[in-house]
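Derivation of every value follows stated rules applied to the coordinates shown; laboratory data play no part. For clarity, every value in this text was computed on a predicted model and none was experimentally measured. As a convention, Cβ positions derive from the backbone with ideal geometry for all residues, glycine included, and neighbour counts pool all protein chains shown.
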Amino acid sequence: MQDKKESKLKQEMEHTGESLQLIVFKLGEEDYGIHISQIKEVVLTPNITKMPQTPPYVKGVANIRGNIIGIMDLEEKFGIRPGITTDEVNQRSNYTLVIESDTFKMGALVTEVPNTLTIDASAIEEEVDLVHDKNVDTGYIKGIVKLEGQLVILIDIFRVLTEDEAEKIELAQNETS
């Protein structure tokens, strides 16, 4: 099922000359973008409850509009900064990007209100030659959006988590439902 959404995103991105809408947010000092179809909503982050036996970048679960969803810290997942505790997250004003696929719901923490950006598909540089850690899957990076004076790292949020990680988060959510 996740493959359907991924192929839809790929088809939307492959059409040259068409406009794409992105949700743009900061992680560390850099701008990241996610195709708007991958975001269900943006909310103020509610109180998070830490769950046992979850990866360190999963800060816990939260109740968002009656749904219990796992909350992920992308800065920690991507190695941008060292992890912070769930208590520290709860003391900050954060926003959560609510992500929903056919198989799971997840929240991604961001510190600033995300912006929307409409770009031409030709502004995406898909062939980016970077040096990556061979032990880390970077298949979630879809390219770099080139704007005047700004680069936005375009990611496919559904590919950030491995299937195993998504299953663990789903189990944690189900335990609290």
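Odds and ends about this structure:
- Extension gain, Glu125 to Ser93: 0.36 nm times the residue separation minus the Cα-Cα distance gives 8.2 nm.
- R0 of 45 Å, Cβ-Cβ distance Ser19-Gln53: FRET efficiency to nearest 0.05: 0.55
- Highest to lowest packing among 76-87, 152-163, scored as the average C-beta count within 10 Å: 152-163, 76-87
- Thr118 paired with Arg81, simple spin-label distance in nm, labels 7 Å along Cα-to-beta-carbon: 3.3
- If a spin label sat at a point 7 angstrom from the Cα of Leu147 along the line to its beta carbon, the backbone N atoms of the range 100-128 nearer than 15 Å would be those of 112-125.
- Per-residue Cβ neighbour rank within 10 angstrom, fewest leading, Val89, Val42: Val42, Val89
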